[in-house]
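Some notes on the structure that comes next.
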Amino acid sequence: MSAWLSCHGAGAIKASDNSFVITANSAGALIRPTNANELKGTILFPLPSLPQNVSHLVKVAIDFSSQTAEVDAVTIMSGGDQVFQKNNLEKTQEFTVNCGTSVAADQRGKGLVLAVALEFETISGRLKFRSVELEVAGASPSPVESIKFDTGYWNITDIRRWDQPREKNEGPIVFSKVFSSPPTVVVSMAGASVDKNNNFRVKVYATNVNSKGFVVHADAWGGTTLYSCGVSWIAIGC
């Protein structure tokens, strides 16, 4: 038997690799670029966790329309692990893509994220998502476990003074709720202060993700003097 895990288009979340603007309403989410030099980027959609009796992923269905824009790739993440990816799609309207991917036992029950890579031809391009869906096999058609979200913000100044810069910075994040298994965590930079006389080389990422929290990092390299850096995060699981 099979079941569908879905997310309304309005559930779209901007990844940290772009400056797109998302306008969501009851019909979906309109995506548009704001920088002519940043016409590629990723949009994330949280999905319900994989049921415990799922054997494999069947197919992905993306319902969207576009104006001088296309979907280049889709990726499925489970608990921080990539379980499926399809590149070079070049789709300009709704489509489905077969997965045929087996599901490991330790991936069941973990939060899912469907990442969609976009490319706009010009800054005037538009793309509207109505829904994204994932068909899974071996699942009961009964409702799957409710999805949980947790979000937050962290800054380097939570652990040190701004005028004491260093390259490596990390801090613990404790979820406001305990997940039943390690959720998928997505982090993005929410502003940074660096010395204007050096290059801007800063990255943010998460490690040690478990059901109660994770460790957030904001690192600089190559001579960048990092005074402060904010990190927004979202955890998706059950």
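Among the chymotrypsin sites (Phe, Trp or Tyr not before Pro) in segment 1-81, none is located in a DSSP loop while being surrounded by at most 10 other Cβ atoms within 10 Å of its own Cβ. With N counted as the residues of the chain, its alpha-carbon radius of gyration over 2.2 N^0.38 Å works out to 1.07.
The smallest convex shape that holds all Cα atoms of segment 148-237, its convex hull, gives 74 Å³ per residue.
Rounded to the nearest Hz, the phi-derived 3J(HN,Hα) couplings of segment 50-57 under the Karplus curve 6.51 cos²θ - 1.76 cosθ + 1.60 (θ = phi - 60°) are 5, x, 5, 9, 6, 9, 7, 8, where x marks glycine and proline. Could you compute the net charge surrounding residue 223? Neighbours are other residues with a C-beta less than 14 Å from the C-beta of residue 223; K and R count +1, D and E count -1. Neighbourhood net charge equals 0. Going from the residue with the fewest nearby Cβ atoms within 10 Å to the one with the most, 159, 43, 22, 236 rank 159, 22, 43, 236.
Computed over the chain, relative contact order equals 24 percent, with contacts defined as Cα pairs under 8 Å that lie 6+ residues apart. Note that segment 178-194 has calculated 3J(HN,Hα) couplings of 8, 7, 6, 8, x, x, 7, 10, 10, 10, 8, 6, 10, x, 8, 10, 10 Hz, one per residue in order, obtained from phi through the Karplus relation 6.51 cos²θ - 1.76 cosθ + 1.60 (θ = phi - 60°); glycine and proline are x.
Could you calculate the contour length gain from residue 149 to residue 199, that is, 0.36 nm times the residue separation minus the distance between their Cα atoms, to one decimal place in nm?
14.5 nm
Only Cα pairs under 8 Å and at least 6 apart count here; give the relative contact order of segment 148-237 as a rounded whole percent. Relative contact order, segment 148-237: 46 percent. For segment 2-137, the ratio of Cα radius of gyration to the globular rule of thumb 2.2 N^0.38 Å stands at 1.02.
For residue 12, no residue has an amide H sitting under 5 Å from its own, ignoring neighbours fewer than 5 places away on the same chain, with H placed 1.01 Å from N. Measuring nothing but how far apart in sequence close Cα pairs (under 8 Å, 6+ apart) lie, relative to its length, segment 2-137 scores a relative contact order of 40 percent.
Charge tally around residue 234: other residues with Cβ under 14 Å, Lys/Arg +1 each, Asp/Glu -1 each, net +2.
Qualifying GluC sites (Glu not before Pro) in segment 1-110, where qualification requires a DSSP coil assignment and no more than 15 other C-beta atoms within 10 Å, comprise 38, 90.
Provide the gained length on full extension for the span residue 40 to residue 68, in nm with one decimal, where the gain is 0.36 nm per separating residue minus the Cα-Cα distance.
8.8 nm
With θ taken as phi - 60° and the Karplus curve 6.51 cos²θ - 1.76 cosθ + 1.60 applied, the whole-hertz 3J(HN,Hα) list for segment 7-14 is 9, 5, x, 5, x, 4, 10, 6 Hz, x standing for glycine and proline.
Pairs 14/110; 148/168; 86/128: which are spaced more than 28 Å apart, C-alpha to C-alpha? List each step's numbers first, then the result.
On the way: 14/110 21 Å; 148/168 31 Å; 86/128 20 Å.
As for pairs spanning more than 28 Å Cα to Cα, those are 148/168.
Computed about its Cα centre, the charge dipole of segment 1-139 is approximately 260 debye, with only Lys, Arg, Asp and Glu carrying charge at their Cβ.
Here, each number is a calculation from the coordinates, and none is a lab measurement. Everything numeric in this text was worked out from a predicted model, so none of it was measured. So basically every Cβ, Gly included, is an ideal-geometry build from the backbone, and we count neighbours across all protein chains shown.
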